[in-house]
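Structure first, then comments.
The values are calculated or read from the model by the stated rules, or taken from the named source; none is laboratory data. Predicted model only: the values in this text are computed from it and were never measured. FYI the Cβ positions are ideal-geometry reconstructions off the backbone, even for glycines, and counts take in every protein chain you see. Just so you know, the surface numbers come from the protein's heavy atoms only, side chains and all, with ligands and any DNA or RNA stripped out. Shrake-Rupley method; radii C 1.70, N 1.55, O 1.52, S 1.80 Å.
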Amino acid sequence: MTSLLMNIFIGLVLGCVFLFLSHDVTSMAMDEIARTFCQSLVMSIPVGYAVGDFLPTMAWGQKLAAALHATGRLASHLVVSLTLAVVNVTVILTACMFIVMLASTSVGDVLGIVAMLWAPAVASGFLAIFALLPVAQGLATKISGFDPMAEAD
């Protein structure tokens, strides 16, 4: 449940970032902006959910935090959030760009666009994850009745 909620949150944030970085929204009609944003959101959620299921990035972040002796709650959350942002956002960005653009452009061009969008995507993804991961975990616990943090203790 946490993964689904986080992918909705990240999809909303990254959808806005990509929209403003890759389109001249000042010249777009409102329905075109809404369609483009919704298309991005609908595509990124299942891609992100699959990435979250296949890559144990939360566990990687927790292991990295332990290795860095980031034992405080804030320090550990910072390392975990950064790990999630770098790995998941990179994979989600790359997969979504290939899905959208590969039919009309070359692999090199897609990789160039990914490289151009990577830093702002990871930065905004990090901010969203850092701010919203505790919210998603709390909501998931309330909805499902399962508290993964209580199980870890």
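A Cβ distance below 7 Å, combined with a sequence gap of six or more or placement on separate chains, defines the contacts here; from region 109-132, residues that are free of Cβ contacts under 8 Å to residues at least 60 places away in the same chain reach residues that are among the small types (Gly, Ala, Ser) in the pairs 122/85; 126/81; 126/85; 130/81. Checked against (1) open to solvent by 80 Å² or more (accessible area, probe 1.4 Å); (2) among the aliphatic types (A, V, I, L, M); (3) touching a residue at least 12 places away in the same chain (Cβ under 8 Å), residue 13 passes all but condition (1).
When residues in region 1-43 are screened for being small (Gly, Ala, Ser) and modelled with pLDDT of 85 or more, 3 of them pass.
Of the residues contained in region 22-32, none is found to be open to solvent by 80 Å² or more (accessible area, probe 1.4 Å), out of contact with any helix residue (DSSP H, G or I) (no Cβ under 8 Å at 6 or more places or on another chain), within 18 Å of residue 5 (Cα to Cα) and free of Cβ contacts under 8 Å to residues at least 40 places away in the same chain. Going by the conditions given, is residue 70 outside any helix (DSSP H, G or I) and either more than 23 Å from residue 9 (Cα to Cα) or open to solvent by 20 Å² or more (accessible area, probe 1.4 Å) (or both)? It is true that residue 70 is outside any helix (DSSP H, G or I) and either more than 23 Å from residue 9 (Cα to Cα) or open to solvent by 20 Å² or more (accessible area, probe 1.4 Å) (or both). Residues of region 132-144 include none that is outside any helix (DSSP H, G or I) and under 21 Å from residue 54 (Cβ atoms). For beta carbons closer than 8 Å, sequence separation of 6+ or different chains, a first residue in region 65-81 that is at negative phi and a second that is open to solvent by less than 40 Å² (accessible area, probe 1.4 Å) and assigned to a loop (DSSP other than H, G, I, E, B), the qualifying pairs are 76/70; 78/70; 79/70.
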